[in-house]
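Below: one structure, written as structure tokens.
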């Protein structure tokens with residue numbers, strides 16, 4: 001897997017970061033758009049890509065599609081560790 005597959009755009013990075021920071025929760029596509037400031041159509045495109053990579057999963061709950069991080073995957077665990085490590089680094 002290549003980094004440009006995971007971080008294909010700033011929108012990918014923004015959505016991945018939000019899902020990692022809220023990894024114990026599920027969100028609707030519209031809520032993700034509101035919380036990240038991304039257009040709903042952009043969120044839909046990124047979600048499709050991240051599902052193909054196996055990083056996220058979706059489930060229907062009473063007619064609402066909830067998106068969650070697949071925390072058990074090696075990719076999610078690696079990105080979560082990277083996210084936590086990056087928080088400890090200060091800019092020069």
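Within 10 Å of each residue's Cβ, count the other Cβ atoms and sort 89, 56 from fewest upward. Neighbour counts put them in this order, fewest first: 89, 56.
Taking 20 °C and 1.002 mPa s as conditions, the stretch 49-88 diffuses translationally at an estimated 191 µm²/s according to Stokes-Einstein applied to its Kirkwood radius (Cα pairs). Between residue 21 and residue 74, residue separation times 0.36 nm minus the direct Cα-Cα distance comes to 17.4 nm.
Among 53, 19, what is the fewest-to-most ranking by other Cβ atoms within 10 Å?
53, 19
Principal axis extents of the Cα atoms in the chain, from largest to smallest and rounded to whole angstrom, are 46, 27, 23.
In the chain, the calculated helix contribution to ellipticity at 222 nm averages -17000 deg cm²/dmol per residue, counting -39,500 (n - 2.57) for every DSSP H run with n ≥ 4. Averaging the sequence gap over all C-alpha pairs within less than 8 Å and six or more residues apart, then dividing by the number of residues, gives the chain a relative contact order of 27 percent. Taking 0.36 nm per residue of separation and subtracting the Cα-Cα distance, full extension of the segment from residue 87 to residue 51 would add 10.4 nm. For the Cα atoms of the chain, what angle does the longest principal axis make with the long axis of helix 74-87, in degrees from 0 to 90, nearest 10? Relative to the chain, helix 74-87 is tipped by roughly 60 degrees.
Every read-out reported here was derived from the displayed coordinates using simple, explicitly stated rules and does not represent laboratory data. Please read all numbers here as calculations on a predicted model, not as lab measurements. We place every Cβ from the backbone using ideal geometry, glycine too, and count neighbours over all the protein chains shown.
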